[in-house]
Amino acid sequence: MTKILKFIKDGILPIAMIAGALTYKWVSHLSFLTAGLIFVMLLLTFCKIRLNEIKFHTAHLWLLLIQLAGSIGIYLLLKPYNPIVAQGAMLCLLAPTATAAAIITGMLGGNVGFLTAYTLFCNIAVAIAAPVYFSFTGTHEGMSFLQSVWLISQKVFPLLIFPLFIAFTVQRRFPKIQKILLRIPKMSFYLWVAALTIVTGITVDFMLHHDRTNDNTELWLLVMSFVFCCLQFYTGRKIGRHYGDAISSGQGLGQKNTILAIWMAQTYLHPLAALAPAGYILWQNIINSYQLFRRQSGSL
């Protein structure tokens, strides 16, 4: 029994994806829960951030520049060849740092404070940039540019910024509630597992029922997600090495909130573009598993 529980614990992420794929007919109807799960996960993450830990580093600026300029740049570069692949590649760069990145950073021996601060900064940056980017990369027929930006802002900005304001209010006004939230440190992880199950089911449901006029698009979305996953981990580590902390910068740029990226694709872009961040989940977990193995063996 103990071995079975350990197997489930160690493999809970792929188990969640498999479960979502097998039960797509049912979990795909739970899409309305995704935004709420993302909101709560961010709230729990931000409740752990102390105001005196929020310090801006020069490395943060370079990571944000790659994330924001790189995402729109790669979209414009790939759009003439395949707009859907361009959207998927953009999401792989634009998606903010995963809420669980701080945990992996600590396990790898990185600077958790640096990574936590960057998670905050990039969520604010994406909340501002995403509505503008999606307004001319998505499909919003019959709307002006400003109308489109406003429509998207109404959903994206509260989802990413309100948890921050609520978390800081709880810290300053309701410390007892904060202590209760901090007593359940794994709650955000299990919420992430639930969200992963749902978005996997939604993605599988769409893939099985969409117009299969160009199967090559699906292959290119997976290839692009692999390429940009590797590039971001590598580039982040190169930048971090220059500033004395390769691990934290690598995780900050490479480990993405793919649940949020999938939700963005399914809400504002072509739904098939969600396959890129869905594939990114697999690649980043492989890279993280490899890094943890090297850390345990003493070679990292």
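Sort out the exposed loop trypsin sites (Lys or Arg not before Pro) in the chain (DSSP loop, at most 13 other Cβ within 10 Å) and tell me the longest stretch that has none.
Values: sites that count: R50, K55, R183, K186, R212.
Segment 56-182 is the longest.
Would you please put 123-132, 88-97, 269-278 in order of how densely packed they are, using the mean number of other Cβ atoms within 10 angstrom per residue and starting with the highest? Each step should come with its number before you reach the end.
Numbers: 123-132: 19.9, 88-97: 28.0, 269-278: 24.9.
Descending packing order for the listed peptides: 88-97, 269-278, 123-132.
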Relative contact order computed over the chain (Cα-Cα under 8 Å; 6+ residues apart), in percent: 31 percent
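Can you sort L22, L68, L231 by solvent-accessible area, 1.4 Å probe, largest first? Please list the in-between numbers first.
On the way: L22 130, L68 45, L231 85 Å².
Order by accessible area, largest first: L22, L231, L68.
Using only helices, what value at 222 nm comes out for the chain when you add -39,500 (n - 2.57) per DSSP H run of length 4 or more and divide by the total residues, to the nearest 500 deg cm²/dmol?
On the way: 15 runs with 236 residues, N = 300.
Mean residue ellipticity at 222 nm (helix-derived): -26000 deg cm²/dmol.
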Report the residue, chosen from Q178, Q87, Q284, that carries the largest GNM mean-square fluctuation when the chain is represented by alpha-carbon nodes joined by springs under 10 Å. Q178
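What chymotrypsin sites (Phe, Trp or Tyr not before Pro) does the range 77-124 have in DSSP loop regions with at most 11 other beta carbons within 10 Å?
Y81
With 28 Å as the limit, write out which pairs from K155/K238; K48/K79; K25/K48; K55/K238; K25/K79; K79/K155 have Cα-Cα distances beyond it, or answer none. Numbers along the way, then the final one.
On the way: K155/K238 35 Å; K48/K79 40 Å; K25/K48 36 Å; K55/K238 21 Å; K25/K79 32 Å; K79/K155 25 Å.
Table pairs above 28 Å Cα-Cα are K155/K238; K48/K79; K25/K48; K25/K79.
The values are calculated or read from the model by the stated rules, or taken from the named source; none is laboratory data. Just so we're clear, the structure is a prediction, and the values are computed from it rather than from any experiment. Please note: Cβ atoms are built from the backbone with ideal geometry, for glycine as well, and neighbour counts cover all protein chains shown. Areas reflect the complete protein model, heavy atoms only, side chains present, ligands, DNA and RNA absent. Shrake-Rupley method; radii C 1.70, N 1.55, O 1.52, S 1.80 Å.
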